[in-house]
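The values are calculated or read from the model by the stated rules, or taken from the named source; none is laboratory data. Please read all numbers here as calculations on a predicted model, not as lab measurements. Note that we place each Cβ from the backbone using ideal geometry, even for glycine, and neighbour counts take in every protein chain shown.
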Amino acid sequence: MTGALDFLCVGAHADDVELGMGGTVAKLVRLGHRGAIVDLTDASSGTRGTPEQRLAEAAQAARILGVERFNLGFRDGHLDHRDESLRRRFGEFLREHRPRVVFTHPFPDRHPDHEQTQALVREMGFLSGLAKYDLAGDPFRPARVFHWMGARDGEPDFCVDVSMDWTTRNRAIDAFSSQFGPVGPETPISGAAFREVLEARGRYLGSRIRAVHAEGFHCEELPEVADPCGLAERMF
C-alpha cells in the first residue's frame, strides 16, 4: 500500500475491529475513503482456533469490508504499550501509512490487551509527530483518534448510521467461524446470546439517531462540525 490512508482501525486481536465498528468500516469504504485494519497480536492465546485460522479469517473479513489488513504479530495476552519494540513498530507504521483518522479500543475495556492498545495508539499517535523522536520516517500525527464502544461503555459521543452496511458488518463477523461457529469450547462470545446483544445495541443506537442500526464512538477532543445544516437530515 502506498500513499496516505483516510482512516486506520487498530485492534488488539483479529475480529476486534469487526465487532466494534465493522459497519462504519464498510460505510467509509462505500463512501470512497481509503482505509486499513491493523491487528497487533498473533491470536496465540485464544480459546478457540489457531493463529493460522485467525489470519485466514481476518483476511477474508478484510476482503468483505474492502480494506487492506496488517498483523504486527505481537504475543496475544502480553501486550504492553511500554514495550519499546511495539512502540517503534507501531510508530513507524503510522509514519509510513499516515492515516488522517485513527479508530481504536476504548478505555476502560474488559480485555487487558484492549486497554494496552488504546494506550499505545494515544501515546504513539502523539509521539510519532515529533521530529526528534527516534523513529524511521518523516514525522506524522493523525488529526483525530476515535474510540469504538466496548463492553463497559454507556453513552457514545456520536453515532454513525450504518443501516445500509449492517449486513456487510455481519458477513465480516461471520468470517471468523473459529470464534463464532458451533464447533469448539463455549466462550462468552461464541453463543447466539452475544450476537443478540450486538444486534440490540445496533438497534438501540440506531433509534437514537432515527436510523435502523448505528455504531457509537467516543472522542477525547470534540470533533468539529463543518456544516451544521448537514445534521438536519432527519426530523426529531
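A few notes on this one:
- Qualifying residues in region 109-128 (those that are touching a helix residue (DSSP H, G or I) at 6+ places or on another chain (Cβ under 6 Å) and not in a helix (DSSP H, G or I)) - the one modelled with the highest pLDDT: 128
- The listed residue being of a type in the set (Lys, Arg), surrounded by 16 or more Cβ atoms within 10 Å (Cβ to Cβ), more than 17 Å from residue 144 (Cβ to Cβ) and in contact with a helix residue (DSSP H, G or I) (Cβ under 6 Å, 6 or more places away or on another chain), out of 89, 69: 69
- Of all the criteria given as (1) farther than 30 Å from residue 132 by Cα; (2) in contact with a Ser or Thr (Cβ under 7 Å, 6 or more places away or on another chain), the one not satisfied by residue 118 is (1).
- Among the residues listed as 80, 113, the single one being charged (D, E, K, R) and buried (at least 17 other Cβ atoms within 10 Å of the Cβ): 113
- Any hit, region 117-135, residues being more than 19 Å from the chain's Cα centre (by Cα), among the aliphatic types (A, V, I, L, M) and buried (at least 19 other Cβ atoms within 10 Å of the Cβ): yes
- Filtering region 181-207 to residues that are over 22 Å from the mean Cα position of the chain (by Cα) and in contact (Cβ under 8 Å) with a residue 40 or more places away in the chain leaves 184, 185.
- Checklist (1) surrounded by 24 or more Cβ atoms within 10 Å (Cβ to Cβ); (2) without any contact (Cβ under 8 Å) to a residue 60 or more places away in the chain; (3) in a helix (DSSP H, G or I) applied to residue 23, failing item: (2)
- Any hit, region 191-199, residues being closer than 24 Å to residue 68 by Cβ, assigned to a helix (DSSP H, G or I) and not β-branched (Val, Ile, Thr): no
- Hits in region 25-78 (condition: touching a Ser or Thr at 6+ places or on another chain (Cβ under 7 Å) and either β-branched (Val, Ile, Thr) or at positive phi (or both)): 47, 49, 64, 77
- Among the residues of region 37-55, not a single one is more than 27 Å from residue 188 (Cβ to Cβ) and either of a type outside the set (Ser, Thr, Tyr) or under 16 Å from the mean Cα position of the chain (by Cα) (or both).
- Sub-8 Å Cβ pairs linking a first residue in region 95-106 that is under 17 Å from residue 22 (Cβ atoms) to a second residue that is of a type in the set (D, E, K, R) and modelled with pLDDT of 95 or more, at least 6 apart or interchain, are 101/6; 101/144; 102/144; 105/16; 105/115, ordered by first then second residue.
- Residue pairs whose Cβ atoms lie under 7 Å apart, sitting 6 or more positions apart in sequence or on different chains, and linking a residue in region 211-236 that is part of a helix (DSSP H, G or I) to a partner that is β-branched (Val, Ile, Thr), are 231/225.
- Region 92-108 - residue that is in contact with a helix residue (DSSP H, G or I) (Cβ under 9 Å, 6 or more places away or on another chain) and part of a loop (DSSP other than H, G, I, E, B) and, of those, surrounded by the most Cβ atoms within 10 Å (Cβ to Cβ): 105
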